[in-house]
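I have placed the structure first, in the form of structure tokens, so that the comments after it can refer back to it.
No value in this document is a laboratory result; all are computed from the given coordinates. If you're wondering where the values come from, they're calculated on a predicted model, not measured in any experiment. Every residue, glycine among them, receives a Cβ derived from its backbone with ideal geometry; neighbour counts consider all protein chains shown.
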Amino acid sequence: MRFEGTAHRYGRDVDTDVIIPARYLNTSDPAELAKHCMEDLDAGFVGKVKAGDILVAEENFGCGSSREHAPISIKHAGVEVVIAKSFARIFYRNAINTGLPIMESPEAVEGINDGDTVAVDADAGTITNVTTGATYQAQPFPPFIKGIIERGGLIASVRERMADR
């Protein structure tokens, strides 16, 4: 899996309440959720993010409430991958379950600025800041997680495996 896009950089402890505010949790429609992604942290996010872009954040990204709506809103806003120094455990699993690739790399986060062009090779675990030429290492996805993400999430993955039987 390869991704390349513009980095949108945020700080530490970005919680699910600012990723998708609770007032929008009355829907599970991904397109509707995407319209409000990051709105309480960065009101202009949806207007500037383009399909294929990359979200970069400090420690503890996705902390707070356990809601699948958060990674769904990020994915459907156009973000291809999230790179952070660390993720809240429940967000990490919700991201995988909804098919949103996420990678931990403190060094990459330190070396990426807002607006930089970033290329990710998730199979090799490499993150390259195309703007500066610096390359960083992250842990590649294990095959079972890669399979879940490639199929669009856990439910799609299970459906596909069940259809093969």
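A few points about this structure:
- Checking (i) 35, 14, 13; (ii) 25, 17, 15; (iii) 22, 21, 14 against the coordinates, the calculated semi-axes √(5λ) of the Cα gyration tensor in Å falls under label (iii).
- Cα-Cα separations in the range 58-115 greater than 16 Å, expressed as whole percent: 40 percent
- For the range 69-165, fraction of C-alpha pairs farther apart than 22 Å, in %: 31 percent
- Normalised by the number of residues in the chain, the average gap of Cα pairs under 8 Å and 6 or more apart makes the relative contact order 23 percent.
- Taking every DSSP beta bridge that has both ends in the chain, the antiparallel portion is near 50%.
- Per-peptide packing, taken as the mean over residues of other Cβ atoms within 10 Å, places 22-34, 126-138 in the sequence 126-138, 22-34 from highest down.
- Per-residue Karplus couplings for the range 16-23, computed as 6.51 cos²θ - 1.76 cosθ + 1.60 with θ equal to phi - 60°, are listed in order as 5, 5, 9, 5, 9, x, 4, 5 Hz, Gly and Pro entered as x.
- Among S66, S73, the order by Cβ neighbours within 10 angstrom, fewest to most, reads S66, S73.
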